[in-house]
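Let me begin by presenting the structure, written as structure tokens, before commenting on it.
The values are calculated or read from the model by the stated rules, or taken from the named source; none is laboratory data. All values derive from a computational prediction rather than experimental measurement. A quick note on method: Cβ atoms are made from the backbone with ideal geometry, for glycine too, and the neighbour counts reach across all protein chains shown. The area values use the complete protein model at the heavy-atom level, side chains included, leaving out ligands, DNA and RNA. Shrake-Rupley method; radii C 1.70, N 1.55, O 1.52, S 1.80 Å.
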Amino acid sequence: MTEVTELIRLAYEAQKRAYTPYSGFQTGAALEAADGRIFTGCNIENAAYTPTNCAERTAFFKAVSEGASSFKRIAVVGNYPGKKGDYCAPCGVCRQVMREFCDPESFQVILARGPEDYKIFLLKELLPESFGPADLKL
Ligand code: THU
């Protein structure tokens, strides 16, 4: 299993590729799949604003499109370039995407504001009383 600090390092690496001409706020994520693969993502903004994709969803969509279907945890970082910033909590849309593919009882969301400065939440803490795949069985 990858070290938490290594996942955070990979999130910071991905953050360098953020495309943020509108907000300037740069995010990075590193998602660890159950099979050990790691998928990274950055935020990708758009002139029409709403097509903007967060770092977390970039990582999830890369992973699912590459055949990963079970996940352990994700590290997330975000700040303005050159500023230290604080923990970057996932937006509601990203939490719901996590909910689609992860067990809320065990999936860990690692929020880092430095290479070794982080806190860990379970998905169920960030998205309580959630709606998920099992609620739509026919
Ligand atoms: N953003 C993320 O990528 N992840 C988050 O958890 C919060 C927000 C991005 C979206 C947008 O490009 C910028 O940060 C400002 O909202």
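Couple of notes before you dig in:
- Only helical runs count toward this figure. For the chain, summing -39,500 (n - 2.57) over DSSP H runs of n ≥ 4 and dividing by all residues gives -7500 deg cm²/dmol at 222 nm.
- Qualifying GluC sites (Glu not before Pro) in segment 1-85, DSSP loop, other Cβ atoms within 10 Å at most 15: GLU3, GLU66
- Applying the criteria of a DSSP loop state and at most 10 other Cβ atoms within 10 Å to the trypsin sites (Lys or Arg not before Pro) of segment 33-138 yields LYS83, LYS84, LYS137.
- Relative contact order %, the chain, counting alpha carbon pairs below 8 Å whose residues are six or more apart: 20
- Look at where the Cα atoms of segment 105-126 and of segment 35-87 average out, and the two centres are 14 Å apart.
- Whole-angstrom Cα spans of segment 57-131 along principal axes, big to small: 35, 28, 21
- Accessible area per residue in Å² at 1.4 Å probe, computed on the chain: 54
- In degrees, nearest ten, helix 92-101 long axis to first principal axis of the chain (Cα): 40
- Considering only ASN43, ALA59, THR5, and ranking their Cα positions along the charge dipole of the chain that arises from unit charges at the beta-carbon of Lys, Arg, Asp and Glu, the one farthest toward the positive end is ASN43.
- Neighbour count of at most 13 Cβ within 10 Å plus DSSP loop: longest chymotrypsin sites (Phe, Trp or Tyr not before Pro)-free window in the chain: 50-130
- Cα-based helix-to-principal-axis angle, 4-15 vs the chain, degrees rounded to 10: 60
- Principal axis extents of the Cα atoms in the chain, from largest to smallest and rounded to whole angstrom, are 48, 37, 28.
- Taking segment 1-85 as the region of interest, the number of lysine pairs whose Cα atoms are within less than 25 Å, with members eight or more places apart or on different chains, is 5.
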